[in-house]
Amino acid sequence: MSGPVRILVDADACPVKEEIYKVAFRHEVPVVIVSNAWLRIPQHPLLSRQVVSDAFDAADDWIAAAADAGCVVITADILLADRALKAGAQVLSPTGKPFTPSSIGAAIATRAIMADLRAGGEQIGGPAPFAKTDRSRFLGALDQVVVGLKRGR
C-alpha cells in the first residue's frame, strides 16, 4: 500500500532542486529535502526538510525507509535507487534518466566495474558535466512521473 504522492530528494548534491519545487508547486505534491546538513529551502507548505546525522548512508537509509509506491525518489546514487525501487518507488536521476527494475542491475554492475578500475589505479573520467539539456530533460521526466502517480499508474 502506498501513501499520498510525494517527492523524496537525496539533496546534499542535487543540482535540480529548483526544478523539483517548480513541478511540486504545479501539481501540489509535497517534497521532503533529505540531507546530512541543514540546507536552505523556500518557505512553502509543500516543502519540508529532514536533516539526518552525518553517519555514512544516513540520508539513504531515511529515504529508503520512507519510500513507497506513492513516491518519486530523486537521486544519483545507484544503490539508493535500487533500494527505493525495491520499496516500490519511482526513481529519477538528476539528469532525468529513470532508474527502473530492468535497468538497475546493469547500473549496479557498471558502478562495480568502475570502482574496481579506480581501485586498480586506472585513470578514468567521471560523469559528463551537468548541462542545460539535463535540467530540461529532468523537468519533463519529473512532471511525467508525478502525473502518472497522481493518475494511479
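Pairs under 7 Å by beta carbon, first residue more than 26 Å from residue 57 (Cα to Cα) in segment 22-34, partner charged (D, E, K, R) and part of a helix (DSSP H, G or I), six or more apart or different chains?
Partner pairs satisfying both residue conditions: 23/143; 27/150.
Do we have any residue at all in segment 95-102 that's under 15 Å from residue 11 (Cβ atoms) and touching an Asp or Glu at 6+ places or on another chain (Cβ under 6 Å)? Full working, then the answer.
Just the residues of segment 95-102 that are under 15 Å from residue 11 (Cβ atoms), to begin with: none.
Scanning segment 95-102, I find no residue that is under 15 Å from residue 11 (Cβ atoms) and touching an Asp or Glu at 6+ places or on another chain (Cβ under 6 Å), so the answer is no.
Can you find a residue in segment 89-104 that is modelled with pLDDT of 95 or more, over 22 Å from residue 140 (Cα atoms) and among the aliphatic types (A, V, I, L, M)?
no
Which count do you get for residues in segment 52-106 that are touching a helix residue (DSSP H, G or I) at 6+ places or on another chain (Cβ under 9 Å), assigned to a loop (DSSP other than H, G, I, E, B) and charged (D, E, K, R)?
3
Looking only at segment 1-38, which residues are of a type in the set (Val, Ile, Thr) and either within 18 Å of residue 81 (Cα to Cα) or in a strand (DSSP E or B) (or both)? Don't jump to the end; show me each part of the working.
Within segment 1-38, the subset of a type in the set (Val, Ile, Thr) is 5, 7, 9, 16, 20, 23, 29, 31-34.
Answer for segment 1-38, where residues must be of a type in the set (Val, Ile, Thr) and either within 18 Å of residue 81 (Cα to Cα) or in a strand (DSSP E or B) (or both): 5, 7, 9, 16, 20, 31, 32, 33, 34.
The values are calculated or read from the model by the stated rules, or taken from the named source; none is laboratory data. Since this is a predicted model, take the numbers as computed values, not measurements. In this analysis, Cβ positions are derived from the backbone assuming ideal geometry, glycine residues included, and neighbour counts consider all displayed protein chains.
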